[in-house]
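*Asks:* Quick one: this structure, given as structure tokens, is what I'll be asking you about.
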Amino acid sequence: MEELPFELPSFEPGWVWLAGAGPGDPGLITLHTLNGLRSADVIVYDALVNPKILELAKGGVRLEYAGKRGGRPSAKQPDISRRLVELAGEGLRVLRLKGGDPFVFGRGAEEASVLAEARVPFRVLPGITAGIGGLAYAGIPATARDINSAVTFITGHSATGEMPESLDWKSLAGGSPVLVIYMGLKHLVKIATRLIEVGRDPNEPVAIISKATLPEQKVLETTLDDCASGSVQDGAQPPTLIVVGQVVDLRADLKWPMQL
């Protein structure tokens, strides 16, 4: 690391660092995660980690892919957690690198629990979650004075891959002016229909952000009613964020050209 006016923690052998890689743009990783990349002996990384971030790792580091993508053969979560314990038991410095923030829809808590049970020392390195960074790169503020004093992050699918029926959609629709839905493209018609059924305005603005913060980022502005009709799915490619609320209208003035 370049000389800094403060010390970063030392990555000791036998430790696991659960690190957030941010939403995609390599410039959005933290100094702690960069320190982990440059110190780790092995990096266990997810599907949404930008390959350019892995290029920041020290020479000779071992890379182990542990990505999970819907509809494709994927590593099982218990196997990933056990692998972290195994690698730490070999005395390696293990960086578990996740897209976004490990504790925001990243299953980092599950992995940390397994490590704690196995008495493996670990550190959590927060990252910029897509629901914040992705919105900012799309020119959409998560909160704006006179529009919303609350924002709710929602997962667009359950552990089984279906629309999360356990959520209290009526309370979410009535209690939060802005909804940010992760991984919801597959169930967008169902989600939009449910929100309208429980009281959201069919004309409420919606933004669908594809590949947030990357050079290929696309933003589709539409309405809840159009989402419910199924007329917008072909215009978006995963991974996506779906933003529901009046903050989307601010994009007309706040969108900015990304310099990535």
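The values are calculated or read from the model by the stated rules, or taken from the named source; none is laboratory data. Predicted, not measured: the structure shown is a model, and the values here were computed from it. So basically every Cβ, Gly included, is an ideal-geometry build from the backbone, and we count neighbours across all protein chains shown.
*Asks:* For ASN148, only one of the following conditions fails: (1) at pLDDT 95 or above; (2) touching a Ser or Thr at 6+ places or on another chain (Cβ under 9 Å); (3) buried (at least 20 other Cβ atoms within 10 Å of the Cβ). What is its number?
*Replies:* All conditions are met except number (3).
*Asks:* Do we have SER81 as among the hydroxyl-bearing types (Ser, Thr, Tyr) and more than 30 Å from GLY156 (Cα to Cα) here?
*Replies:* Details: among the hydroxyl-bearing types (Ser, Thr, Tyr): yes; more than 30 Å from GLY156 (Cα to Cα): no.
Here the answer is no, as SER81 does not meet what is asked.
*Asks:* Can I ask one more? If ALA21 satisfies every condition in (1) touching a Leu at 6+ places or on another chain (Cβ under 7 Å); (2) farther than 21 Å from ALA112 by Cα but one, which is the exception?
*Replies:* Checking ALA21 against (1) touching a Leu at 6+ places or on another chain (Cβ under 7 Å); (2) farther than 21 Å from ALA112 by Cα, the one that fails is (2).
*Asks:* So if I check each of ARG107, ARG123, which one is under 30 Å from GLU90 (Cα atoms) and in contact (Cβ under 8 Å) with a residue 60 or more places away in the chain? First the steps, then the outcome.
*Replies:* Numbers: ARG107 fails: in contact (Cβ under 8 Å) with a residue 60 or more places away in the chain.
One residue alone meets the criteria, ARG123.
*Asks:* What are the residues in segment 105-133 that are among the charged types (D, E, K, R) and buried (at least 19 other Cβ atoms within 10 Å of the Cβ), if any?
*Replies:* Applying the first criterion (among the charged types (D, E, K, R)) to segment 105-133 yields 107, 110-111, 117, 119, 123.
Within segment 105-133, just GLU111 meets the criteria.
*Asks:* Okay, next question. Taking only segment 219-260 into account, find how many residues are among the basic types (Lys, Arg) and modelled with pLDDT under 95.
*Replies:* Filtering segment 219-260 down to residues among the basic types (Lys, Arg) leaves 251, 255.
Remaining after also requiring modelled with pLDDT under 95: 255.
Residues meeting the conditions: 1.
*Asks:* Can you pull out every residue in segment 116-134 that is of a type outside the set (Phe, Trp, Tyr), in contact with a strand residue (DSSP E or B) (Cβ under 9 Å, 6 or more places away or on another chain) and not in a loop (DSSP other than H, G, I, E, B)? Outline the logic, then answer.
*Replies:* So in segment 116-134, the residues of a type outside the set (Phe, Trp, Tyr) come out as 116-121, 123-134.
Now narrow it down to the ones that are in contact with a strand residue (DSSP E or B) (Cβ under 9 Å, 6 or more places away or on another chain): 116, 120-121, 123-134.
ALA116, ARG123, VAL124, LEU125, ALA130, GLY131, ILE132, GLY133, GLY134 - these are the residues of segment 116-134 that are of a type outside the set (Phe, Trp, Tyr), in contact with a strand residue (DSSP E or B) (Cβ under 9 Å, 6 or more places away or on another chain) and not in a loop (DSSP other than H, G, I, E, B).
*Asks:* On to the next question. Inside segment 167-260, counting only strands (runs of 3 or more DSSP E) that do not spill past its ends, which hold 1 or more residues that are without any contact (Cβ under 8 Å) to a residue 24 or more places away in the chain, surrounded by 15 or more Cβ atoms within 10 Å (Cβ to Cβ) and outside the structural domain of LYS52 (by TED's automatic domain parsing)? Full working, then the answer.
*Replies:* Details: elements: 178-182, 205-210, 218-223, 240-244.
Correct list: 218-223.
*Asks:* Additional query: For segment 135-158, state whether one or more residues are in a helix (DSSP H, G or I) and in contact (Cβ under 8 Å) with a residue 12 or more places away in the chain.
*Replies:* Start the filter on segment 135-158 by keeping residues that are in a helix (DSSP H, G or I), which leaves 135-137.
Add one more test, that the residue is in contact (Cβ under 8 Å) with a residue 12 or more places away in the chain, and what stays is 135, 137.
Looking through segment 135-158, at least one residue is in a helix (DSSP H, G or I) and in contact (Cβ under 8 Å) with a residue 12 or more places away in the chain.
*Asks:* If I ask for residues that are at negative phi and of a type in the set (Phe, Trp, Tyr), which ones from segment 90-128 would you list? Step through it out loud before you land on a result.
*Replies:* The initial filter retains those residues of segment 90-128 that are at negative phi, namely 90, 92-99, 101-104, 106, 108-118, 120-128.
Passing the criteria: PHE103, PHE122.
*Asks:* I would also like to ask the following. From the list GLY127, GLY108, GLY139, which residue is farther than 22 Å from GLN237 by Cα and either in contact with a helix residue (DSSP H, G or I) (Cβ under 9 Å, 6 or more places away or on another chain) or outside the structural domain of ALA57 (by TED's automatic domain parsing) (or both)? Walk me through how you get there before you give the answer.
*Replies:* Working: GLY108 fails: either in contact with a helix residue (DSSP H, G or I) (Cβ under 9 Å, 6 or more places away or on another chain) or outside the structural domain of ALA57 (by TED's automatic domain parsing) (or both); GLY139 fails: farther than 22 Å from GLN237 by Cα.
Answer to the check: GLY127.
*Asks:* Show the residue pairs that are 6+ apart or on different chains and have beta-carbon atoms under 7 Å apart, the first residue being within segment 3-19 and farther than 18 Å from PHE103 by Cβ, the second being modelled with pLDDT under 95.
*Replies:* LEU8/MET1
*Asks:* Among (1) surrounded by fewer than 22 Cβ atoms within 10 Å (Cβ to Cβ); (2) within 30 Å of VAL244 (Cβ to Cβ); (3) touching a Lys or Arg at 6+ places or on another chain (Cβ under 8 Å), which single condition is ALA136 missing?
*Replies:* It fails just one condition, (3).
*Asks:* Sticking with this one: All but one of (1) assigned to a loop (DSSP other than H, G, I, E, B); (2) farther than 15 Å from PRO102 by Cα; (3) of a type outside the set (Val, Ile, Thr) hold for ALA47; state the number of the condition that does not hold.
*Replies:* Answer for ALA47: the failing condition is (2).
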